[in-house]
1. Along the charge dipole of the chain, Cβ charges K/R +1 and D/E -1, which of A109, L153, F56 sits furthest on the positive end?
2. Counting only other residues whose beta carbon sits under 14 Å from that of D59, what net charge do I get with K and R as +1, D and E as -1?
3. If you place +1 on the Cβ of every Lys and Arg, -1 on the Cβ of every Asp and Glu, and leave all else neutral, what size is the dipole of region 84-177 about its Cα centre, to the nearest 20 Debye?
4. Note down the relative contact order for the chain as a percent, whole number, built from C-alpha pairs under 8 angstrom at least six residues apart.
5. May I ask you to list the residues of region 114-133 whose amide nitrogen lies under 14 Å from a point 7 Å from Cα along the Cα→beta-carbon direction of E181?
6. Rounded to a whole number, what is D in µm²/s for region 3-85 from Stokes-Einstein with the Kirkwood radius over alpha-carbon pairs (10 °C, 1.306 mPa s)?
7. With viscosity set to 0.890 mPa s at 25 °C, what whole-number translational diffusion coefficient in µm²/s follows for the chain from Stokes-Einstein and a Kirkwood radius over Cα pairs?
8. Could you please tell me the mean projected area of the C-alpha convex hull for region 63-154, averaged over all directions and given in square nanometres to one decimal?
Amino acid sequence: MEGKGLLIILSGPSGVGKGTVREAVMKETDLDLSYSISMTTRPPRPGERDGREYYFVDDKTFNKNIKEGNFLEWCEFVGHRYGTPKDKLEEMRNNGENVFLEIEVTGAAQVLEKVKKDPKVLSIFLMPPSEQALEDRIRSRKYESEEAIKARLDKGIKEMEAASSYDYVVLNDYVDRASREIIHIIKNALKENENSY
Ligand code: 5GP
């Protein structure tokens, strides 16, 4: 699992805004991060493209990947499954690429357990400013049913307890501010990684 490149894990409760912050961080060209594209059984949303946001697959393909041990971690989340392809991630890190992983909390816990002895891992937990803010964000996703919204919210509230097992906790009060803080944290970690050779 260990590679030359840094593995950066961004997680946090459902609805905290990981996706938006991830986009802002990935746009920071100075960092030159490689994004780990997950596989999912969820159908694409308008504007999403296969191989860019996710690899969109059917249940059969996802099962096959589980069976063949192709995932570093995978989870079931509100009726769909998501997994991190292992080989691709290892290949990128071995090439010296710094890989950015944006995943939900249970999957991140699996990864953190596996990479315990790997010094080149940086974990960041994105925290919502309040439970109400989390609910407002989840509700703003109009394409989801009330049931899915409630499930995301319940899960999100429970997931905040995981924050203490991360290297950094960043408050997502404003996307710009939180993204800048994360970029700063990553820059420092990259410098340290370079200096360790
Ligand atoms: P969405 O359906 O909104 O794109 O993603 C739902 C949740 O799944 C988000 O919290 C996202 O971070 C998480 N997620 C995306 N890819 C993966 C993955 O490969 N593994 C895990 N565990 N979570 C993922």
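Read-outs throughout are calculated quantities, based only on the coordinates presented, and are distinct from any laboratory measurement. This structure is a prediction, so every number in the text was calculated from the model and none was measured. A quick note on method: Cβ atoms are made from the backbone with ideal geometry, for glycine too, and the neighbour counts reach across all protein chains shown.
1. F56
2. Local charge sum for D59: +3.
3. Dipole of region 84-177, to the nearest 20 debye: 160 debye.
4. The value is 36 percent.
5. Correct set: 124-130.
6. It diffuses with D of about 112 µm²/s by this estimate.
7. Once the numbers are plugged in, D ends up at 142 µm²/s.
8. Mean shadow area of the hull around the Cα atoms is 7.7 nm².
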